[in-house]
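Engineer: Following this message is one structure expressed as structure tokens.
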Amino acid sequence: MRWRIRENVKRLTPYSPGKPIEEVRREFGLTRIAKLASNENPLGPSPKAVEALKAAAGDVHRYPDMAAAELKEAISRRFDLPPTQIVLGNGSDEIIHNLSQVFLAPGCSVVTGRPSFIQYAAAAHLAGAELIEVDLDAGARHDLSAMLKAAGENTRIVWIANPNNPTGTIVEREPLERFIQALPEGAVTVLDEAYYEFAAHEPNYPNSIDLIRSGYPVVGLRTFSKSYGLAGLRVGYGFMPPEIADAIDSVREPFNVNRPAQAAAVAALDDEEHLQRTLKHNDRALRRITGLLQRFGAATTESYANFVWADFGFDTQPLFDALLRRGVIIRTGAIFGRPTSVRISAGTDEDLDLLEEAFEDAMKEAAAI
Ligand SMILES: *Cc1c(COP(=O)(O)O)cnc(C)c1O
């Protein structure tokens with residue numbers, strides 16, 4: 001053999017993305033297609049961000065600002081946290097991997113919920129760390145007392161997606177604070193707040209920034225991919241104690257957030273109107289999807305994100321296939337180890353019209369198979 005790929009790498013399974021619209025169009029010759037599989041913003045990007053992108057296009061022969069000073073300043077002003085406590089990434093996905101590089105090595109462990117966001121497991125495998133997955137509770141929420149029992153002296157990261165992907169549920173402030181206080185020394189809690197803006201209205205929803213200010217060993221992760229509608233540009237950010245931010249700065253790629261992405265993110269952060277429109281639309285969309293799934297007998301969770309998670313009690317692959325043939329792309333829970341569930345993202349009104357039109361026939365077809 002001329003090469004020896006690391007065993008850790010061979011164990012990784014490639015990320016399986018939602019089915020692309022173009023592929024469904026080609027495969028089934030459909031014109032109406034609703035992609036409800038990737039928790040994207042159905043209203044699109046902020047028009048201000050699009051303007052900023054166009055303006056930045058002529059400068060792409062220049063490397064980006066490695067420190068991303070303007071974007072960091074904008075985030076710093078918005079959240080009242082110094083730039084020294086802010087880290088940027090090529091999507092928050094990158095920061096998940098950066099944190100794993102900073103904290104994990106063979107002999108260390110990480111604790112995550114099951115099911116939860118898949119990148120935590122991939123990053124742990126890559127670092128050769130032990131992955132301890134703790135089942136969610138009966139309400140599909142993180143089971144903090146079971147996670148505390150699972151954490152040990154060698155635990156370096158506890159991942160809590162809050163709201164959780166794929167279930168949309170949250171952990172509340174008080175139990176979370178008690179949990180963080182009780183963790184063994186050396187374990188950092190990472191609150192992945194990719195859906196923060198959708199949950200922020202809930203009074204008991206904790207904010208990573210408050211916990212970091214209180215001096216807890218906490219990292220908060222946010223992204224421009226979901227409520228801000230910039231998934232294709234890849235910009236994520238993190239809040240953390242300065243020492244952790246310094247460590248990430250020394251492992252990250254110098255130019256990890258590209259020039260147009262930096263410009264668009266600054267503009268998007270400033271577009272409060274687009275964000276509010278997004279949140280308002282999301283409320284209605286979640287109610288519509290939840291109502292539909294419940295009418296067909298599924299058990300839905302209370303979602304604080306931009307998608308609905310529901311358990312049908314039967315393998316949902318035939319339902320997925322039947323919806324796909326009608327132009328509706330959803331997710332089955334299979335990639336999360338929950339094949340009887342589905343995850344459906346908030347779409348446009350037209351997307352949800354198509355979902356509602358397709359659903360009864362798809363269910364019949366799925367049940368007949
Ligand atoms: C979508 C998502 C991310 C990744 O966001 P990017 O910034 O696009 O990399 C991270 N965590 C969770 C829980 C997500 O759902």
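The values are calculated or read from the model by the stated rules, or taken from the named source; none is laboratory data. If you're wondering where the values come from, they're calculated on a predicted model, not measured in any experiment. In this analysis, Cβ positions are derived from the backbone assuming ideal geometry, glycine residues included, and neighbour counts consider all displayed protein chains.
Engineer: Does segment 32-43 contain any residue that is assigned to a strand (DSSP E or B) and either surrounded by 14 or more Cβ atoms within 10 Å (Cβ to Cβ) or of a type in the set (Ser, Thr, Tyr) (or both)?
Structural biologist: Going through segment 32-43, the residues assigned to a strand (DSSP E or B) turn out to be 34-35.
Subset that is either surrounded by 14 or more Cβ atoms within 10 Å (Cβ to Cβ) or of a type in the set (Ser, Thr, Tyr) (or both): 34-35.
Taking every residue of segment 32-43 in turn, at least one turns out to be assigned to a strand (DSSP E or B) and either surrounded by 14 or more Cβ atoms within 10 Å (Cβ to Cβ) or of a type in the set (Ser, Thr, Tyr) (or both).
Engineer: Pairs under 8 Å by beta carbon, first residue closer than 29 Å to Lys280 by Cβ in segment 301-320, partner surrounded by fewer than 21 Cβ atoms within 10 Å (Cβ to Cβ) and among the charged types (D, E, K, R), six or more apart or different chains?
Structural biologist: Tyr304/Glu202; Asp311/Arg338
Engineer: Can you name the residue in segment 293-321 that is of a type in the set (A, V, I, L, M, F, W, C) and surrounded by fewer than 17 Cβ atoms within 10 Å (Cβ to Cβ) and is also farthest from Asn41 (Cα to Cα) among such residues?
Structural biologist: Phe314
Engineer: Can you run down the residue pairs with Cβ atoms below 9 Å, 6 or more apart or on separate chains, where the first is in segment 263-289 and closer than 20 Å to Pro64 by Cα and the partner is modelled with pLDDT under 95 and surrounded by fewer than 23 Cβ atoms within 10 Å (Cβ to Cβ)?
Structural biologist: none
Engineer: Still on this structure: Scan (1) in a helix (DSSP H, G or I); (2) closer than 14 Å to Val257 by Cα; (3) away from the ligand (no atom under 16 Å from the Cβ) for the single condition Ser76 breaks and write down its number.
Structural biologist: Result: Ser76 fails condition (2) only.
Engineer: Residue by residue through segment 126-141, note down the ones that are closer than 16 Å to Thr155 by Cβ and either within 16 Å of the ligand (Cβ to nearest atom) or of a type outside the set (Gly, Ala, Ser) (or both).
Structural biologist: Scanning segment 126-141 gives Glu130, Leu131, Ile132, Glu133, Val134.
Engineer: List pairs: first in segment 230-243 and more than 14 Å from Asn41 (Cβ to Cβ) and free of Cβ contacts under 8 Å to residues at least 24 places away in the same chain, second within 16 Å of the ligand (Cβ to nearest atom) and not charged (D, E, K, R), Cβ under 8 Å, 6+ apart or cross-chain?
Structural biologist: Listed pairs, sorted by first residue: none to list.
Engineer: For segment 324-360, how many residues meet the condition of being part of a helix (DSSP H, G or I), of a type outside the set (A, V, I, L, M, F, W, C) and crowded, with 20+ Cβ neighbours inside 10 Å?
Structural biologist: 2
Engineer: Continuing with this model, one more query. Name every residue in segment 185-213 that is touching a Leu at 6+ places or on another chain (Cβ under 9 Å) and farther than 27 Å from Asp271 by Cβ, in order of residue number.
Structural biologist: Residues satisfying the conditions are Val188, Thr189, Val190, Leu211.
Engineer: Scan segment 92-136 for residues that are under 20 Å from the mean Cα position of the chain (by Cα) and in a loop (DSSP other than H, G, I, E, B) and report the count.
Structural biologist: 5
Engineer: Quick check on this structure: which one of Ala346, Ala366, Ala358, Ala299 is farther than 25 Å from Phe117 by Cα and touching a strand residue (DSSP E or B) at 6+ places or on another chain (Cβ under 8 Å)?
Structural biologist: Ala358
Engineer: Follow-up question, since we're still on this one. When Ser109 is evaluated against the numbered criteria (1) out of contact with any strand residue (DSSP E or B) (no Cβ under 8 Å at 6 or more places or on another chain); (2) more than 20 Å from Lys226 (Cβ to Cβ), which criterion, by number, is the only one it fails?
Structural biologist: (1)
Engineer: Of all the residues that make up segment 105-116, how many are surrounded by fewer than 22 Cβ atoms within 10 Å (Cβ to Cβ) and either in contact (Cβ under 8 Å) with a residue 40 or more places away in the chain or within 15 Å of the ligand (Cβ to nearest atom) (or both)?
Structural biologist: Residues meeting the conditions: 4.
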